[in-house]
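> One structure, pasted below without further comment.
The values are calculated or read from the model by the stated rules, or taken from the named source; none is laboratory data. It should be emphasised that the depicted structure is a prediction, and the values quoted were computed from it without experimental measurement. Because the Cβ atoms are built from the backbone with ideal geometry, glycine has one as well, and the counts that use them run over all protein chains shown.
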Amino acid sequence: MPMLGGVGDVNPVDTVRYALSALRERRGRSVLTILGIAVGSGLIIALVSLGEGLNTTITDRLLTLGANNIIVLPAQGSNIQFTDADVQKIMRIPGVAVVAPFYSTVAEFQVGGTTVSGRILGIDPLQLQIIFPGIKILEGETPTPTSATQVAVGYKVAFPPAAVTSSRLYVGQPLTIVIPNPSGPKTTSYTVTGIYDKFGASVFFDADTAVVMPIPAARRLLGETRYQAILVNTERVELVEYIISELEAMYGRNVNIISPSTILSTVRSIIASFTIFLGIIASVSLFVAGLGIMNTMIMSVMERTREIGVLRSIGMTRRDILYTFLFEAMLTGLIGGLIGIGIGVALSIGFGSYSGNFLRFGPGFEPITIIPDITPQLLLGTLLFAVFVGSLSGLYPARRAALTDPVRALRTE
Amino acid sequence: MESDGDYAIVLEDVWKVYKTGKTEYPALRGLTLSVKSGEMVSIMGPSGSGKSTLLHIAGTLDRPTKGRVSIYGIDTSRLDDSKLSEIRNRFIGFVFQSYNLINRLSALNNVSLPLAVRGVPLQERQAAALEALKLVGLEHFANKKPTELSGGEQQRVAIARGLVGRPRILLADEPTGNLDTKNAVAIMEILRNINKTLGTTIVIVTHNPEIAEKCDRIVRLRDGRVESEVILHA
C-alpha cells in the first residue's frame, strides 16, 4: 500500500513566478494598483524626510543664536531701564557666564555710493565673540571695546550685492551711518576695523547686514546711556530654564525673556507634530491604495474561479491557494513600495532643492534649503509598511479563494 | 477474498445530498461501485444521474454526505484537506470537458503545474512535462499558449497535465464533449494507449456510446445509483 506523506510544499520561487504571471496577465489593473501603493509610500517618504529635514534646518538656524543664550527685553508698555546695576545683578545668578548689555537699532550704511539697510548692534565686541563663536572676523580685527569711533561690519555691508555696486568696503575706510530720526536723519562717520565673515540667516537679527560697534560708540551715536536689552550667556544649556525663572523672579512682567532653546523646543515640537500629521495622511493614502489592491484581488479571485478549481484538482491545499493569492497581493505591495522609494526620494530631493525659492527665514529673508533627511530606516520602514498593507489587503480575497468549493469552481463558466 | 487494496476506487453506499436553502437534492443515493486497478471504465447515464458527482467524490474533490470512499485502500473519509490534496496530487489526474488550462501559462508550464505543487525542481519537472507532452504527441507545442492551440490539442495538453505526476488514476469528465468525431477518436486512442502502456486506471464520464465502447466496462447510472453494468473486455 502506498504511503502518504512527502508532498513537498510549493517552492517559494514558483510562487513568485506564478504570482508574477498573474500580475502580468492583468497588466493594466496591476500597474494602476501598484501605482497607488507607489504614490502612497512615496508620499510618506517625501513628507517625513522633508519634515525631518526642515526640523534640522530650523534647529541649525535657531542654534546660530546659541542654545545657551537668553535675551532680556523691556516688556511693551513697561518703562524699565537697564543699567550697569542690572548687569551686575544678573551676573550674580549662579550659572551665568557672560552678561552682555546691548543696543540695537535700524540704520543705513553708505557703501561705495549705495546704501545698505541693516542694523546697528552696540555691544562689547569681545563679549559678542564669546557668545557667538560662529561670528568670525574675515578681514582686520574687532573694534576695541572702549572705542567710540570704531566699527566692524557684516559681510553684506562690506560686500554689497554685485548687482547694486561693484565697489566694496576696506578695513581702515570710514563708514557713514545714517540713523532715521523724527527730527531728520542723523549722519555719523566711523572707522571700519574689521569685516565679519558670512554668517547666514538667524532668527532675530541678520548678522550679515549688521554693523557691530562698542558700547561707547553706540552711546555716542544714539545719545542714550541706558541699555536696550541684555544678552545673558549661560554656562550650560541645561541651566537656561533655571536662569529664566530667576530672571522672571527678578523682573516680573516688566521684561520679555527670549531664549533660542525654549523657542527651539516649541518649534521642533510643532514641526514634529506636523510631520507626524502629514505622515498619517500619507499613510491613509497608502491604506486607500490597499483598498485598490483588495478590489483588484477580489475581481481576480472571481475571474479565476475555474483556475482555483484546477489548482485544487491538481493537489493544491486550501492553504496553498490562500498563500498563492496572498502572495500576489503582497507582491503588489512590494513592487509598489519599491517604486514608491524611488518616487519618494525623487520628490524629497526635488522639493528640497526647490524649497529655497519660496522658503525664507529670519529678518534677512534668507532663502533656506531643506536637505531631506532620507534615512535607511525610513525607506525600509515604508517598504515594510507597503508590504504589510498589500498583505492585509490580500487577506480577505485570498481567504475567499481558499474557501472556494472546487467542485463549484470547476463548473463555473 | 479481495481487499480494498486490489481496487483503485471503492465507493460503498455513497450518498451525496446537495442543499439549496430548504430543498435537498440527492445527487447520489447509495451508490456502490468498485474500479479495479488498471481498469478502464466508462460511466454513462442521463443528465442529473450523478455522473459528475461520482467523479468528483472518487477524485476527493468532494466529500460524500454518507458512505465510504477508498482510493487504493486508503479510506478518505477521515482525511483532512491537506491529505486529500496530497492524494489528488499523487494518485489522481483530472481531465475536464472544457480542458481548464491556464491561458497565461505555456503548454509546458500547464503540464508541469502538478509537479510544481509537489515541489519538484524546475528542470526536473519540465523534463517530465515534455515527456508527458510526447505521450500525447504535442512535444513541439510545448511553448505555445493554450489560446494558440485547437480544442483537440488543448485537451491533449490537459491529458498530459493529468498524467505528468504519474497518477494511478485518471478521471475524465466528458473529455470529448467539446470535440468533433475525429478529435474525439484521437483522444480516446490516447487514453486507451495510456491505460495499456502505463497501466493507469481510467474512469471516463461520457454521453457518447462510441467512446464508452472503447472501455473495459460500461457503468450506467440512474437517479444516483448504478442501474446496470456491461463488461466489454475482461
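> Quick one: B:Gly162 ticks every box in (1) touching a residue at least 12 places away in the same chain (Cβ under 8 Å); (2) at positive phi; (3) within 12 Å of chain A (Cβ to nearest Cβ) except a single one, so which number is it?
(2)
Table: residues versus (1) over 38 Å from the mean Cα position of the chain (by Cα); (2) under 15 Å from A:Ala19 (Cβ atoms); (3) without any contact (Cβ under 8 Å) to a residue 24 or more places away in the chain; (4) within 14 Å of another protein chain (Cβ to nearest Cβ).
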position: A:Thr305; (1), (2), (3), (4): yes, no, no, yes
position: A:Ile339; (1), (2), (3), (4): no, no, no, no
position: A:Gly344; (1), (2), (3), (4): no, no, no, no
position: A:Ala398; (1), (2), (3), (4): yes, yes, no, no
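> Further question on the same structure: Test of understanding: among B:Pro121, B:Pro167, which residue is closer than 30 Å to A:Val13 by Cα, within 12 Å of chain A (Cβ to nearest Cβ) and either touching a residue at least 60 places away in the same chain (Cβ under 8 Å) or crowded, with 18+ Cβ neighbours inside 10 Å (or both)?
B:Pro167
Listed here are the residues, each with its yes/no results for (1) within 21 Å of A:Val407 (Cα to Cα); (2) surrounded by 23 or more Cβ atoms within 10 Å (Cβ to Cβ); (3) modelled with pLDDT under 95; (4) away from chain A (no Cβ under 12 Å).
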| residue | (1), (2), (3), (4) |
| --- | --- |
| B:Ile43 | yes, yes, no, yes |
| B:Lys66 | yes, no, yes, yes |
| B:Asp75 | yes, no, yes, no |
| B:Leu79 | yes, no, yes, no |
| B:Phe94 | yes, yes, no, no |
| B:Ser98 | yes, no, yes, no |
| B:Asn103 | yes, no, yes, no |
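> Next question, about the same structure. So is A:Ile335 assigned to a loop (DSSP other than H, G, I, E, B) and in contact (Cβ under 8 Å) with a residue 40 or more places away in the chain or not?
Working: assigned to a loop (DSSP other than H, G, I, E, B): no; in contact (Cβ under 8 Å) with a residue 40 or more places away in the chain: yes.
Here the answer is no, as A:Ile335 does not meet what is asked.
> While we're looking at this one, here's another question. Against the definition (under 37 Å from the mean Cα position of the chain (by Cα), assigned to a loop (DSSP other than H, G, I, E, B) and not assigned by TED's automatic domain parsing to the domain that holds A:Ile58), how does A:Gly172 come out, yes or no?
No, not satisfied.
> If you don't mind, there's one more thing I want to ask. Going through segment A:85-97 one residue at a time, which ones are assigned to a strand (DSSP E or B) and either in contact with a Gly (Cβ under 6 Å, 6 or more places away or on another chain) or surrounded by 18 or more Cβ atoms within 10 Å (Cβ to Cβ) (or both)?
Scanning segment A:85-97 gives a single hit, A:Val96.
> Within the group A:Glu246, A:Glu238, A:Glu224, which residue is over 30 Å from A:Ser348 (Cα atoms) and free of Cβ contacts under 8 Å to residues at least 12 places away in the same chain?
None of the others qualify; the one that does is A:Glu238.
> Would a scan of segment B:197-216 turn up a residue that is crowded, with 19+ Cβ neighbours inside 10 Å and part of a helix (DSSP H, G or I)?
yes
> Condition check: modelled with pLDDT under 95 and more than 13 Å from chain A (Cβ to nearest Cβ). Does B:Met1 satisfy that?
yes
> Quick check on segment A:361-369. Is at least one of its residues within 14 Å of chain B (Cβ to nearest Cβ), touching a residue at least 24 places away in the same chain (Cβ under 8 Å) and surrounded by fewer than 21 Cβ atoms within 10 Å (Cβ to Cβ)?
no
> What are the residue pairs meeting all of these: first residue in segment A:11-32, first residue outside the structural domain of A:Thr324 (by TED's automatic domain parsing) and modelled with pLDDT of 90 or more, second residue part of a helix (DSSP H, G or I) and among the small types (Gly, Ala, Ser), Cβ atoms under 9 Å, and 6 or more apart or on different chains?
If the second residue must be part of a helix (DSSP H, G or I) and among the small types (Gly, Ala, Ser), no pairs are left.
> Any idea which residue in segment B:83-92 is nearest to the chain's Cα centre (by Cα), counting only those that are more than 7 Å from chain A (Cβ to nearest Cβ) and in contact (Cβ under 8 Å) with a residue 60 or more places away in the chain?
For segment B:83-92, the residue satisfying everything is B:Ile92.
> What's the total number of residues in segment A:142-169 that are part of a loop (DSSP other than H, G, I, E, B), of a type in the set (Val, Ile, Thr) and within 16 Å of A:Pro216 (Cβ to Cβ)?
Qualifying residue count for the region: 4.
> A:Thr266 versus (1) modelled with pLDDT of 90 or more; (2) on the phi < 0 side of the Ramachandran plot: which is the lone unmet condition?
(1)
> Let me ask you something else. Across segment A:220-275, what is the total count of residues that are among the β-branched types (Val, Ile, Thr) and loosely packed, with under 14 Cβ neighbours inside 10 Å?
Matching residues across segment A:220-275 total 3.
> Next question. Hey, any hits in segment A:372-394 for a residue that's within 30 Å of B:Leu101 (Cβ to Cβ), surrounded by 16 or more Cβ atoms within 10 Å (Cβ to Cβ) and within 14 Å of chain B (Cβ to nearest Cβ)?
First, pick out the residues of segment A:372-394 that are within 30 Å of B:Leu101 (Cβ to Cβ): A:390-391, A:393-394.
Now drop any that are not surrounded by 16 or more Cβ atoms within 10 Å (Cβ to Cβ), which leaves A:390-391, A:393-394.
Next, from what is left, pick out any that are within 14 Å of chain B (Cβ to nearest Cβ): none.
Checked against the condition, which is being within 30 Å of B:Leu101 (Cβ to Cβ), surrounded by 16 or more Cβ atoms within 10 Å (Cβ to Cβ) and within 14 Å of chain B (Cβ to nearest Cβ), segment A:372-394 yields no hits at all.
> Would you call B:Ser37 within 13 Å of chain A (Cβ to nearest Cβ), touching a residue at least 40 places away in the same chain (Cβ under 8 Å) and surrounded by fewer than 18 Cβ atoms within 10 Å (Cβ to Cβ)?
yes
> Scan segment A:110-133 and report the pairs whose first residue is free of Cβ contacts under 8 Å to residues at least 24 places away in the same chain and whose second residue is of a type in the set (S, T, N, Q) and not in a strand (DSSP E or B), with Cβ atoms within less than 7 Å and a gap of 6+ or a chain change.
Hits for this filter: A:Leu126/A:Thr142; A:Gln129/A:Thr142.
> Just a yes or no: is a residue in segment A:359-375 in contact with a strand residue (DSSP E or B) (Cβ under 9 Å, 6 or more places away or on another chain) and of a type in the set (Asp, Glu)?
Taking every residue of segment A:359-375 in turn, at least one turns out to be in contact with a strand residue (DSSP E or B) (Cβ under 9 Å, 6 or more places away or on another chain) and of a type in the set (Asp, Glu).
> I've got another one for you. Spot the failing condition for A:Met330; the list is (1) crowded, with 18+ Cβ neighbours inside 10 Å; (2) in contact with a strand residue (DSSP E or B) (Cβ under 6 Å, 6 or more places away or on another chain); (3) farther than 23 Å from B:Leu84 by Cα, and only one is missed.
Answer for A:Met330: the failing condition is (2).
> Given the structure, is A:Ser49 touching a Ser or Thr at 6+ places or on another chain (Cβ under 9 Å), within 14 Å of chain B (Cβ to nearest Cβ) and small (Gly, Ala, Ser)? Before the answer, list the steps.
Details: touching a Ser or Thr at 6+ places or on another chain (Cβ under 9 Å): yes; within 14 Å of chain B (Cβ to nearest Cβ): no; small (Gly, Ala, Ser): yes.
No; evaluated as a whole, the condition is false for this residue.
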